[in-house]
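J.: This is the structure, below, for whatever I ask next.
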Amino acid sequence: MRWALVKVSLAVTTMVVVAFAVPLGLVIRELARDRAFSSAEREAAAVAPALSITTDRDQLERVVASAGSDAGMAVHLPAGDGQEALELGRRRAAEADIAAVRKLGRASTTGVPGGSTLLQPVALSTGKIAVVEVYVPESDVTNGVGTAWAVLAAVGVALILGSVAVADRLGVRMVRPAQRLVLLLYTSDAADEH
């Protein structure tokens, strides 16, 4: 009876821990990803006002440097009005991805070696579309996820061990009076036979 109670407690607690920990772990991973890309969107938004005013290379280089992207930012200006296409910073995204964002006028993310890039379109004063590219390394996307998962696993194991210990103590309390009764009946039967 005692071991049956421990087994039931173990099974039920394990199912509950898995039912809560797995979705919570996935939510934590998604939150970390959202945090990384929100930061990239803020960096891209910091460059947008300057792009709507000027396309001068020197001024834009100062703006990109002041945006402070440690991982890397690039600005892709289209050709036009006697100017050739201009790229500031290190480009990681494929030309086809940049062209697609420029054509659709919608932000996009694309995978690149070592992470992802956020491609943000910005309207220029000439009516053309520039693309701001912000690199998001994989380490930023997974920052803190491993630690959070380890904490979740530790809490889950502690809950399971705690429930097994409580079930074992409860089982002992339930079984001990039955054992005493059996012992009492056995000794009284033995005394009656003599």
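J.: Look at LEU60 and say whether it is of a type outside the set (S, T, N, Q) and without any contact (Cβ under 8 Å) to a residue 60 or more places away in the chain. Can you show your working first?
T.: Details: of a type outside the set (S, T, N, Q): yes; without any contact (Cβ under 8 Å) to a residue 60 or more places away in the chain: yes.
For LEU60, the condition - of a type outside the set (S, T, N, Q) and without any contact (Cβ under 8 Å) to a residue 60 or more places away in the chain - is met.
J.: Just to be sure before I move on: is LEU184 at negative phi and more than 45 Å from the chain's Cα centre (by Cα) in the structure I sent? Break it down into steps so the answer makes sense when it comes.
T.: Details: at negative phi: yes; more than 45 Å from the chain's Cα centre (by Cα): yes.
Yes.
J.: Given the options GLU95, GLU43, GLU30, GLU61, name the one that is modelled with pLDDT under 85 and over 30 Å from VAL172 (Cβ atoms).
T.: Values: GLU95 fails: modelled with pLDDT under 85; GLU43 fails: modelled with pLDDT under 85; GLU30 fails: modelled with pLDDT under 85.
Just one listed residue meets the conditions, GLU61.
J.: Test LEU159 against the criterion of being under 30 Å from VAL16 (Cα atoms) and modelled with pLDDT of 90 or more, and give yes or no.
T.: Answer is yes for this residue.
J.: May I ask you to verify whether ALA130 is among the hydrophobic types (A, V, I, L, M, F, W, C), modelled with pLDDT under 90, in contact with a helix residue (DSSP H, G or I) (Cβ under 7 Å, 6 or more places away or on another chain) and surrounded by fewer than 16 Cβ atoms within 10 Å (Cβ to Cβ)? Spell out the reasoning first.
T.: Values: among the hydrophobic types (A, V, I, L, M, F, W, C): yes; modelled with pLDDT under 90: yes; in contact with a helix residue (DSSP H, G or I) (Cβ under 7 Å, 6 or more places away or on another chain): yes; surrounded by fewer than 16 Cβ atoms within 10 Å (Cβ to Cβ): no.
For ALA130, the condition - among the hydrophobic types (A, V, I, L, M, F, W, C), modelled with pLDDT under 90, in contact with a helix residue (DSSP H, G or I) (Cβ under 7 Å, 6 or more places away or on another chain) and surrounded by fewer than 16 Cβ atoms within 10 Å (Cβ to Cβ) - is not met.
J.: Moving to a separate point now. Restricting to the range 120-154, name every residue that is without any contact (Cβ under 8 Å) to a residue 40 or more places away in the chain and either in a loop (DSSP other than H, G, I, E, B) or not acidic (Asp, Glu) (or both). Spell out the reasoning first.
T.: The first filter runs over the range 120-154 and keeps only residues without any contact (Cβ under 8 Å) to a residue 40 or more places away in the chain, leaving 121, 127, 138-139, 146-147, 150-151, 154.
Scanning the range 120-154 gives PRO121, GLY127, SER139, GLY146, THR147, ALA150, VAL151, ALA154.
J.: Under 9 Å by Cβ, and 6 or more places apart or on different chains, what pairs join a residue from the range 170-194 that is closer than 21 Å to VAL6 by Cβ and modelled with pLDDT of 75 or more with one that is surrounded by fewer than 10 Cβ atoms within 10 Å (Cβ to Cβ) and of a type in the set (A, V, I, L, M)?
T.: GLY171/MET1; MET174/MET1; VAL175/MET1; ALA178/MET1
The values are calculated or read from the model by the stated rules, or taken from the named source; none is laboratory data. Note that the structure is predicted; figures quoted are calculated from it, not measured. A quick note on method: Cβ atoms are made from the backbone with ideal geometry, for glycine too, and the neighbour counts reach across all protein chains shown.
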